[in-house]
Amino acid sequence: MRVRTESLPQAPQQHMTVRVHTSIGSAVVLWCGDPREADGRHLIEWTVDADIDWGQNTGPAAATEPELRQEGERVIMRGRLHLTDEGAAHLQMGQLSVLFDLASPIPSSMHESWVEISVGTKSVALYPYRT
C-alpha cells in the first residue's frame, strides 16, 4: 500500500515515529526505514506486534467502513476480519491488509465481520519496500 509519512519530533533513545496518512485515516506509528526517508510517499508493509484478544482489544464495529485513527496512545483499526485455518487472522481495511496472531479464540460467527482492533502506538510499525 502506498502511503504518505511525515516525521515527528523524536525523543532521544526511542524508536523513530511518523504520522502515516492513508486513504482511510492517519495515525502515529513506528518507522523502520531509513530515518532520512521518513518524510515522503512510500510503498510499505504494516506489522503489528500485538495479538487479537477478543473482548479486550478487539470487538464488533458499529460502522461498516474501513478506518485508521489515533486515540491518545492507541491506534484504532476498523475493517473486515478474516480468520485463517492456521489459527491467525487478517484485518482487511480497504486496500490495506494486516496479519494478526490470536491471543484468545474468536467466535467463528465473526469471520468476515466488521471489527475494531485497538493496539498501542508502539506496536504498529511500517517497513518501506525498496522498489
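The values are calculated or read from the model by the stated rules, or taken from the named source; none is laboratory data. Note that the structure is a prediction, hence the values are computed from the model and not measured. Cβ atoms come from the backbone with ideal geometry, glycine included; neighbour counts cover every protein chain shown. Each accessible area value is taken on the protein alone, full model and side chains, heavy atoms only, with ligands, DNA and RNA left out. Shrake-Rupley method; radii C 1.70, N 1.55, O 1.52, S 1.80 Å.
Summary of values
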{"read-out": "Probe 1.4 Å, all protein chains present, accessible-area order of 111, 21, largest first", "value": "111, 21"}
{"read-out": "12 Å beta-carbon shell around residue 88, net charge (K/R +1, D/E -1)", "value": "-4"}
{"read-out": "Per-residue HN-Hα couplings for the range 70-85 [Karplus 6.51, -1.76, 1.60; θ = phi - 60°; Hz; x = Gly/Pro]", "value": "10, 10, x, 8, 10, 9, 10, 10, 10, x, 8, 8, 10, 7, 9, 5"}
{"read-out": "Size of charge dipole - the range 18-131 - debye, nearest 20, with Cβ of Lys, Arg +1 and Asp, Glu -1, no other charges", "value": "380 debye"}
{"read-out": "Computed over the chain, Kirkwood Rh from alpha-carbon pairs, angstrom", "value": "15.1 Å"}
{"read-out": "Residue 17 - accessible surface, heavy atoms, 1.4 Å probe, Å² rounded to 10", "value": "20 Å²"}
{"read-out": "Two-site FRET efficiency, residue 71 against residue 8, from Cβ-Cβ distance with R₀ of 22 Å, rounded to 0.05", "value": "0.85"}
{"read-out": "Of all accessible heavy-atom area on the chain, the percent that carbon and sulfur account for (1.4 Å)", "value": "46 percent"}
{"read-out": "The range 25-114, accessible area per residue, ligands and nucleic acids excluded (1.4 Å, Å²)", "value": "54 Å²"}
